[in-house]
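Okay, so here's the structure we're looking at.
Every number here is computed from the coordinates shown, using simple stated rules; none is lab data. Predicted model only: the values in this text are computed from it and were never measured. Here the Cβ positions follow ideal geometry from the backbone for every residue, glycine too, while neighbour counts run over all protein chains shown.
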Amino acid sequence: MRAACVAARSAGQRVGFVPTMGALHAGHLALVREARTRADWAATSIFVNPTQFGPNEDFSKYPRDLDGDVAKLEGCDAVFAPEPNAMYVPGDETRVHVGALAASLCGPHRPGHFEGVCTVVTKLFGIVGACTAVFGKKDYQQLAIIRRMVADLFLPVTVVGSPIIREPDGLAMSSRNAYLSADERKRALALSWGLAAATRAFEGGERRAGALRDAANALVTPAATSIDYVTIADPDSLVPFESHVKVGERALLAVAVRVGATRLIDNVVLGEDPSPVG
Ligand code: AMP
């Protein structure tokens, strides 16, 4: 992989890179298209990274379909799909510690998750080298943390955030949607509807964080099996707004819930993004 990336750069090509865990859907393929518009040569990695899963999470049952994925990556010049022991060789012990950006939202609910993400992304960047790397806004906190990491560690990478791709009915695409039963799939729509309700309230002038949260919760709570968070936060620092979103400011509304046993996340930046549901 490193040799291919070096060769592309030596030939004067700009390298684009899309890290994924596979089970590719249209959301991933939009990132690949974005990489293609910004680079001359594009690579995708497919790696279900063990260090970003907690002990009770779905690492072993995470969907894997390498042949199907490769078939979907026609527009890509290289696919990198290493084995776990190639990314974590015997004796491996270095981890990338993440600071305050991991203190809110998913951080407290998934201890060690962002450390695992940053560690594997740093390893991947080390292999790929100078590139433009495209990440989805679906994982908003991940994108913010990786931007910070690239700046803090002087990595030779330009990070690009790409919009959330949704099913026609509004559900954010996710490899984990495959876990949902037909009934859970219907209930999962409440996430995007909740975000849309809060977007309407924001557009109508509502700036009280509690009221914006309530607007989302009214739809999300009845559909969710459990709620990790429904949070209004500063889109840059990810610190939750205590009382009001200041006039003229944007606000991140992020949700993480379980529908059945499946953990789903979604978000919208109020004052910036269009409503997630038409
Ligand atoms: P994953 O395979 O879930 O680790 O995701 C790989 C990349 O695809 C990450 O940058 C995600 O944010 C991005 N991604 C996943 N789902 C979507 C989606 N529905 N829309 C846009 N990007 C997505």
Two decimals is fine: what is log10 I(q)/I(0) at q = 0.18, 0.19, 0.22 Å⁻¹ for the range 147-278, from a Debye sum with one equal scatterer on every Cα and no solvent?
-> -0.98, -1.05, -1.26
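Give, to the nearest whole percent, the P(r) tail of the chain beyond 28 angstrom, counting all Cα pairs. Show your work: numbers first, answer last.
Working: 14001 of 38503 pairs.
That fraction is 36 percent.
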Would you please state the base-10 log of I(q)/I(0) at q = 0.20 1/Å for the range 24-66, with intensities from the Debye formula using one equal scatterer on every alpha carbon?
-> -0.76
List every residue whose amide H lies under 5 Å from the amide H of Arg166, counting only residues 5 or more places away in sequence or on a different chain, with H placed 1.01 Å from N in the peptide plane.
-> Met173
Estimated Rh, the range 55-209: Kirkwood, alpha-carbon pairs, angstrom = 18.4
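Can you give the extra length, in nm with one decimal, that the chain gains between Val269 and Val70 once fully stretched, where that is 0.36 nm per residue apart less the Cα-Cα distance? List each step's numbers first, then the result.
Working: separation 199, 0.36 × 199 = 71.64 nm, distance 3.26 nm.
Result for the pair: 68.4 nm of gain on full extension.
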Cβ-Cβ FRET estimate between Asp92 and Lys246, R0 fixed at 41 Å, reported to 0.05 = 0.35
Can you pull the Kirkwood radius for the range 50-144, inverse mean 1/r over Cα pairs, to one decimal in Å?
-> 15.3
Give the angle, between 0 and 90 degrees and rounded to the nearest 10, that separates the Cα long axis of helix 140-152 from the longest principal axis of the Cα atoms of the chain.
-> 50
Cα-based Rg (one decimal) and Dmax (whole number) for the range 183-261, in Å?
-> 12.6, 40
Quick numbers on the range 1-117, Rg and Dmax over C-alpha atoms in Å, give 15.9, 46
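Relative contact order for the chain: what is it in percent, counting Cα pairs under 8 Å that are at least 6 residues apart?
Details: 496 pairs, mean separation 46.5, N = 278.
This gives 17 percent for the chain.
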Note: probe point = Cα of Glu57 + 7 Å toward Cβ; backbone nitrogen < 17 Å; residues of the range 63-103 passing the test are 63-64, 84, 88, 95-99, 101-103
